[in-house]
Amino acid sequence: DRFEILVADDEKLKEQVANARSQIDKSKSETEKRLREQERVIIDKWKKSDFQKIDIRSFDVPKALIKLVCKPNALFKGVTLVGETSLGKTILTINTIKEEKCANICEFENTYTTPLELYKLLYRYQHEYEMKQKSKKPFFMVVFDDVEGLLTDRKSIAVLKSCLWETNGQRIIKMNTIDRVLGDTPKAFEFTGHIVILANHLNLNDININAVKERTHYFELKF
């Protein structure tokens, strides 16, 4: 972007900048596609594995809350489950979703995200399930397992808040940025999925994070 300003009057240099950008975008797109394919193989294997019954009394309440959002007509569209690492939040969530026979409509994320990538990700899932279910309001689930950047960036939190609360019967997510950055993703869309957030810690003194908590079933896992 900075070079474009410097070479605005030189057509040859402008073309070189444009070609460089095109190569970078192509390389990034191919890398992302390859990673998504690798992730898809892992997720598909998880979905096909058997449900395991885990009889732990401390899991009863969070398990019931997860089951609530496994229903298309659930009042709350999300669950926030907080607890120290290695307490079993992930296996509890996965097993409950399998038990409710929702594994085939569930996506799992556990890496890092920026606000823009989060927005694009949610739109991609929305679009994919609209195609799969042939419905403009498909029911599906997205599990965010300790995703870095999800609850530390105000813009990401704003996207989550839009995902979890209806206005006039709709949950509309918006991203006000330049068209080139969005690519084929629209600047606004209706989100109809349900969300499970797994985190080791939440700063509930932050008014924005507290707003996410209040829009979900919230539970702190302790033995």
*When the Cα atoms of the chain are enclosed in a convex hull and the volume is divided per residue, what value in Å³ results?*
146 Å³
*asked:* Around Val7, under 11 Å between beta carbons, what's the net of Lys plus Arg minus Asp minus Glu among the other residues?
replied: -2
*asked:* Classify the stretch 11-59 from the C-alpha gyration tensor, please: rounded if a/c falls under 1.5, else prolate or oblate depending on whether a/b exceeds b/c.
replied: prolate
*Once you have a ≥ b ≥ c as the square roots of the Cα gyration tensor eigenvalues for the stretch 138-180, tell me rounded if a/c is under 1.5, and otherwise prolate or oblate according to whether a/b is larger than b/c.*
oblate
*Could you sort 65-72, 11-18 so that the peptide with the highest average Cβ count within 10 Å comes first and the rest follow in order?*
65-72, 11-18
*Where a Cα-Cα gap under 16 Å defines reach, which aspartates and glutamates qualify for Lys222, not counting those fewer than 8 residues away within the same chain?*
Asp55, Asp60, Glu84
_Compute the angle between helix 115-133 and the longest alpha-carbon principal axis of the chain, please, reported from 0 to 90 degrees and rounded to the nearest 10._
70 degrees
_So for the stretch 1-134, averaging the separation of alpha carbon pairs under 8 Å that are six or more residues apart and normalising by length, what relative contact order in percent results?_
20 percent
_Compute the helix-to-body angle for 89-99: its Cα long axis versus the longest principal axis of the chain, expressed 0 to 90° and rounded to tens._
80 degrees
*CD proxy at 222 nm, helix term only [per DSSP H run n ≥ 4: -39500 (n - 2.57); per residue of the chain; nearest 500]*: -15000 deg cm²/dmol
*Roughly how many Å² is the accessible area per residue of the stretch 1-49, as a whole number, for a 1.4 Å probe?*
92 Å²
*Do any of Lys67/Lys161; Lys12/Lys187; Lys26/Lys77; Lys33/Lys174; Lys101/Lys134; Lys53/Lys77 go past 30 Å between their Cα atoms, and which?*
Lys12/Lys187; Lys26/Lys77
_Mean Cβ count within 10 Å, highest first, over the residues of peptides 102-112, 204-214, 21-31_ = 102-112, 204-214, 21-31
*asked:* Order 76-83, 138-145 from most to least packed using the mean count of other Cβ atoms within 10 Å.
replied: 76-83, 138-145
*Of the accessible area of the chain, with the probe set at 1.4 angstrom, what percent is carbon plus sulfur?*
51 percent
*Return one number: the angle in degrees, 0 to 90 and rounded to the nearest 10, between the long axis of the Cα atoms of helix 11-48 and the longest principal axis of the Cα atoms of the chain.*
20 degrees
_the stretch 66-161 shape via C-alpha gyration tensor axes, a/c threshold 1.5_ = oblate
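The values are calculated or read from the model by the stated rules, or taken from the named source; none is laboratory data. Only a predicted model underlies this, so the values are computations on that prediction, with no experimental measurement involved. All Cβ positions, glycine included, derive from the backbone under ideal geometry; neighbour counts span all protein chains shown. These area figures cover heavy atoms from the full protein model, side chains too; ligands, DNA and RNA do not enter into them. Shrake-Rupley method; radii C 1.70, N 1.55, O 1.52, S 1.80 Å.
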